[in-house]
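The values are calculated or read from the model by the stated rules, or taken from the named source; none is laboratory data. Predicted model only: the values in this text are computed from it and were never measured. With ideal geometry, Cβ positions are generated from the backbone for all residues, glycine too; neighbour counts draw on all protein chains shown. Accessible surface areas use protein heavy atoms only, side chains included; no ligands, DNA or RNA. Shrake-Rupley method; radii C 1.70, N 1.55, O 1.52, S 1.80 Å.
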Amino acid sequence: MKKVTFGKPIIGDEEKKAVQRVLEGTLLVHGPVAKQFERDFASFTGAEACVSVSSCTAGLHLCYFDMGIGTGDEVIVPAQTHVATAHAVELCGAKPIFVDADIKSGNIDISKIEERITPHTKAISVVHFLGLPVAMDKVCAIADKHGLKVIEDCALAIGGRYKGKHVGLWGDAGAYSFYPVKHITTAEGGVVITKHEDLAARLIHKKAFGVDRNVTERKEPGIYDVTDLGFNYRMNELQAAIGIEQMKRIDKFLDKRKANYDTLYAGLENIEGVTLFEKPGEDFVNSHYCLSIILDENMRKDRSKLVKAFNDKGVGTSVYYPSPVPYFTYYKEKYPVTGDEYPVASAISYGSIALPVGPHLDVEDMEYVADVVKMSIEEVF
Ligand SMILES: *Cc1c(COP(=O)(O)O)cnc(C)c1O
């Protein structure tokens, strides 16, 4: 039987050799490799500045922290996203104000943002859901009107562009993840890109305890001052070494994802009971993280059966994401909700199945996946 796994990091000899070189050197942190990785990532995206961090979550938290967002403040957060998008706000003591998704894209419903803005709102966050860019000019216009910061969660969106500009550069900052199943990996890790060089300088400072000079900048060993509150959110040299090699493959990865996505999309159109996110216009360059199918309401209760039927035929699946964030226990207990305030996010969370399109797969695998989807739906329903 064919095995089509959902996600698989592609680690070659180049990555192994790069890690080996770091291990044989003297610097494991604070070295030139992370700096090189930052330059490579900035040059790929066109960012003025790029700051490596220990994860996307750390990057988001660091941004809010630096912006002084805290107790009594509110931040607009998409209801349909990874919990990290909201946790980063919570960690600062601010309150996430959730906005439902748009059924055509899975992205935040921009038409519902303004009604959630209050005098306490400090920022709008968005997630480029499954790699499809949010119409950022509209979000930025709302933010400008109300004097708000914009933070982009780009964890699934490397290579995503809106109107020619890479995601993460529309707002004040964009955070990326290199967790193993994302487009590229450093095992764990992330970056923040931004057009504001002063913001980047502060993030560099605050990701390392707020000390005034790092190990390589000290005139006398062991002597430094601490000028700010900060974290230990650095990316180490081993991670960055893997990242540099991964970035050399990024164009190929993205091409393959697009070819796989397009093939699978064509194979899944016009299946009864199944909806796909709409193909957006040419302003939107998708980074094709995965392809989710959304089941009609009457089929949703049997989603697990369908997942099992796919998995039994060797097709790996996932769910992005398993619950609207406001319905996760932590959030529900802290900010009570009725349970039907986010109908679109619910339709996606409880009614979708994510299918693989990663670069470890090819077009023939996609034809197999489409066949399995059709066969399994007939079996189960
Ligand atoms: C994976 C993911 C994150 C978390 O990334 P980490 O690097 O694991 O912190 C955040 N946001 C989204 C949308 C994600 O998919």
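Restricting attention to the stretch 41-61, which residues are out of contact with any strand residue (DSSP E or B) (no Cβ under 6 Å at 6 or more places or on another chain) and surrounded by fewer than 18 Cβ atoms within 10 Å (Cβ to Cβ)? Within the stretch 41-61, Ser43, Phe44, Glu48 meet the criteria. Of the residues making up the stretch 205-222, those that are farther than 17 Å from Leu28 by Cα and not in a loop (DSSP other than H, G, I, E, B) are His205, Lys206, Val211. Might you let me know whether the stretch 152-168 holds any residue that is surrounded by 22 or more Cβ atoms within 10 Å (Cβ to Cβ), free of Cβ contacts under 8 Å to residues at least 40 places away in the same chain, within 16 Å of the ligand (Cβ to nearest atom) and part of a strand (DSSP E or B)? Taking every residue of the stretch 152-168 in turn, at least one turns out to be surrounded by 22 or more Cβ atoms within 10 Å (Cβ to Cβ), free of Cβ contacts under 8 Å to residues at least 40 places away in the same chain, within 16 Å of the ligand (Cβ to nearest atom) and part of a strand (DSSP E or B). Among residues that are under 19 Å from Ile69 (Cβ atoms), surrounded by 24 or more Cβ atoms within 10 Å (Cβ to Cβ) and within 12 Å of the ligand (Cβ to nearest atom), Ser177 is not included. Taken over the stretch 104-151, the criterion of being away from the ligand (no atom under 16 Å from the Cβ) and either touching a His at 6+ places or on another chain (Cβ under 6 Å) or of a type in the set (Asp, Glu) (or both) is satisfied by Asp109, Glu114, Glu115, Ile117, Asp137, Asp144. Thr45 - would you say it is touching a residue at least 40 places away in the same chain (Cβ under 8 Å) and touching a Ser or Thr at 6+ places or on another chain (Cβ under 9 Å)? Taking the combined requirement at face value, the residue does not satisfy it.
Here Val369 qualifies as in a helix (DSSP H, G or I) and modelled with pLDDT of 95 or more. If the condition is being buried (at least 18 other Cβ atoms within 10 Å of the Cβ) and away from the ligand (no atom under 16 Å from the Cβ), then the stretch 68-101 contributes Ile69, Asp73, Glu74, Ala94, Lys95, Ile97, Asp100. Taking the criterion of being among the hydroxyl-bearing types (Ser, Thr, Tyr), modelled with pLDDT of 95 or more and outside any helix (DSSP H, G or I), would at least one residue in the stretch 60-81 satisfy it? Checked the stretch 60-81: at least one residue is among the hydroxyl-bearing types (Ser, Thr, Tyr), modelled with pLDDT of 95 or more and outside any helix (DSSP H, G or I). The set of residues in the stretch 33-60 that are of a type in the set (S, T, N, Q) and more than 15 Å from the ligand (Cβ to nearest atom) comprises Gln36, Ser43, Thr45. So, Pro359, is that one modelled with pLDDT of 95 or more, out of contact with any Ser or Thr (no Cβ under 6 Å at 6 or more places or on another chain) and open to solvent by 50 Å² or more (accessible area, probe 1.4 Å) or not? No, not satisfied.
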